[in-house]
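Below: the structure, in structure tokens.
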Amino acid sequence: MIKLKNVHKIYPPDIVGVRGINLHVEPGEFISIVGQSGTGKSTLAKLLFAEERPSKGQIVIGGWDISNIRPREVPLLRRQIGVVFQDFKLLQKKTVFENTAFALEVAGVRPSRIREIVPQVLRIVGLDDKLHRYPLQLSGGERQRAAIARSLVHRPKILVADEPTGNLDAINAREIIDLLKKINSFGTTVVLVTHNREIVNGLRQRVVMLSNGEVASDVEHGRYKLA
Amino acid sequence: MTLIRIIKFAFQNIARNVWLSVITVSMLVMTLLTVNILLTLNVLANTAVESVEERIDVTVYFKDGTNPDLVAGAQASLIGLSQVRDAVRIAPEEALARFRARHEDDEAILSALDEVGENPFSYSLVVSARDASDFPTILSALENPSFAEFIEQKDFEDYEEVIGSISRVTQSVRWLGAVLAAVFLFISILIVINTVRVAIYIYREEISIMRLVGASSAFIRTPFWLEAVIYSLVATFITAGIAYPVLVSLERYADTFFYPANAGVLDFYLANGLLIFGLEFLILAVVNILSASLAMRRYLKV
Ligand SMILES: Nc1ncnc2c1ncn2[C@@H]1O[C@H](COP(=O)(O)OP(=O)(O)O)[C@@H](O)[C@H]1O
Ligand SMILES: [Mg+2]
């Protein structure tokens, strides 16, 4: 599903984002990217949804080589990859329903179809009783659920979550991780970026540790040891 | 469906910074008004030149006792010239009557006329030209030997001078107006760029989320282009709305000047208004779309 071959990202003039990354992720995998702050985790995530282009190397997503993806093709990629961030990126002036519907609206989906899909995904994330709340009327965990719902409307094959629990307390964090596990169980490949040791250890899934922009370790059923 | 959403976004852009929109439209209206003032001025100048040209005439006075048939012959041969609009024969009695009428308040002149006793006027021809530049031809036609010797005097005013000064004045006003319109257009472009820049700034969060969830670049950009077109359309309508009553009262005022002809400004706009405002809208819309594109290229990273 995801193949990285010797991927480098150098920010001008010479700041290393990542270097020499080789990574294969199978369909349906749940992979955690861990490492200290500034080691290139977010850079790696951005490379996956073409927010950044590799300086060197090859990135293939579902058979599509996006190493030199053209700007006009990026929207197509974004409709196949769901993305979730630490800061939710919800629009404050829109309700949960509207925030979720927004991703479909900009893709030109019919209103009748939107009314069908949005309640479905909001049921999956457990917000079906808070459709008409605004982000400010939600807890942090609920906001992240809304953001996840939005990332799911296109039924993405891959979900990239960059520190989705970074702003949440332990209980909310666990619930979000459970939600990601649930989404993964439907067959979606999940790439989770985190530096939360407890979460990673609880997952018992594949863990890739980055250090100074390079892969330091890559283990199945990994535990997050301090490097 | 997508079109409706794009239109909705465009109107949201406008509504979210109403004041900037008002300023933008005002500046566009100023620019269009300047252009239309220029046009109106042009029409007025043409009317003025025409009306002066219409009044251009030479009065040819024949010697006392010239045979009326000879005068009629001269009249016929002048009318035959393509440069001559008309040649009117005035008999001595009519000339006297006109003279009396013109000076009916002037006792001294009238009593002097009575003193003379007999009619001091002779036959005359009033020859009007089609164009000021036709005068030399007409004057040389009057050298015709078959009646030249009966001509006492040729009288004409130098209208070239008048026409020259009209066109000098309009020329300089036209220049000034064109410079002013260009300056206004330039300011308009800057204001449109700034308005779109601010709209992009206000929408930065939405835009970044749109990109994240897979909105195409066209979907993101089109509302800003549409915004530019809407500004152009509104400005054109407002300009037309201002222009119409102004033109009506200008026409009423100027008509007294050009009586019995009319100033022709209103007629000109009634005949060509759709074309004029349509063209102005098109040009403005293209300029504004380009300005919006410039702003997006600079401030919108899509
Ligand atoms: N847009 C950018 N421009 C320049 N340097 C950047 C940019 N984004 C990240 N970096 C640098 O790249 C390195 C990796 O950053 P990042 O991928 O955000 O790390 P992490 O997510 O692991 O904290 C850091 O040194 C960071 O300063
Ligand atoms: Mg990061």
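The values are calculated or read from the model by the stated rules, or taken from the named source; none is laboratory data. Note that this is a predicted model, so its numbers are computed, not measured. All Cβ positions, even for glycine, are placed from backbone atoms using ideal geometry, and neighbour counts span all protein chains on display. Surface areas here come from the heavy atoms of the whole protein model, side chains and all, with no ligands, DNA or RNA. Shrake-Rupley method; radii C 1.70, N 1.55, O 1.52, S 1.80 Å.
Remarks
- When each of A:LYS46, A:LYS93, A:LYS9 is tested for being part of a loop (DSSP other than H, G, I, E, B) and of a type in the set (Lys, Arg), the lone residue that passes is A:LYS93.
- Of the residues making up the stretch A:153-168, not a single one is of a type outside the set (Lys, Arg) and part of a helix (DSSP H, G or I).
- Taken over the stretch B:103-127, the criterion of being of a type outside the set (A, V, I, L, M) and surrounded by 17 or more Cβ atoms within 10 Å (Cβ to Cβ) is satisfied by B:PHE121, B:SER122, B:TYR123, B:SER124.
Every residue, every condition in (1) out of contact with any strand residue (DSSP E or B) (no Cβ under 8 Å at 6 or more places or on another chain); (2) in a loop (DSSP other than H, G, I, E, B); (3) open to solvent by 20 Å² or more (accessible area, probe 1.4 Å); (4) farther than 26 Å from A:LYS94 by Cα, yes or no:
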residue: A:VAL118; (1), (2), (3), (4): yes, no, no, no
residue: A:HIS132; (1), (2), (3), (4): yes, yes, yes, no
residue: A:ALA147; (1), (2), (3), (4): no, no, no, no
residue: A:GLU198; (1), (2), (3), (4): yes, no, yes, yes
residue: A:GLY202; (1), (2), (3), (4): yes, no, yes, yes
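- Selected residue (only one of B:VAL29, B:VAL88 is open to solvent by 30 Å² or more (accessible area, probe 1.4 Å), within 30 Å of B:ASP255 (Cβ to Cβ) and not in a loop (DSSP other than H, G, I, E, B)): B:VAL88
- Residues located in the stretch A:22-75, provided they are within 16 Å of ligand 2 (Cβ to nearest atom), over 16 Å from the mean Cα position of the chain (by Cα) and surrounded by fewer than 22 Cβ atoms within 10 Å (Cβ to Cβ): A:GLN36, A:SER37, A:GLY38
- For A:VAL34, the test of being more than 8 Å from ligand 1 (Cβ to nearest atom) and in contact with a strand residue (DSSP E or B) (Cβ under 8 Å, 6 or more places away or on another chain) is passed.
- Filtering the stretch A:86-103 to residues that are touching a His at 6+ places or on another chain (Cβ under 7 Å) and open to solvent by 40 Å² or more (accessible area, probe 1.4 Å) leaves only A:PHE97.
- When the stretch A:1-19 is filtered for residues that are under 25 Å from A:ARG197 (Cβ atoms), in contact (Cβ under 8 Å) with a residue 60 or more places away in the chain and either within 14 Å of another protein chain (Cβ to nearest Cβ) or more than 16 Å from ligand 2 (Cβ to nearest atom) (or both), the ones remaining, listed by number, are A:ILE2, A:ARG19.
- No other residue among A:ALA101, A:ALA107 is under 15 Å from B:VAL213 (Cβ atoms) and within 9 Å of another protein chain (Cβ to nearest Cβ) apart from A:ALA107.
- Check on B:VAL71, in a helix (DSSP H, G or I), crowded, with 19+ Cβ neighbours inside 10 Å and not assigned by TED's automatic domain parsing to the domain that holds B:VAL246: yes
- Of everything listed in (1) over 20 Å from A:VAL193 (Cα atoms); (2) of a type in the set (Gly, Ala, Ser); (3) within 12 Å of chain B (Cβ to nearest Cβ), the single unmet condition for A:GLY82 is (1).
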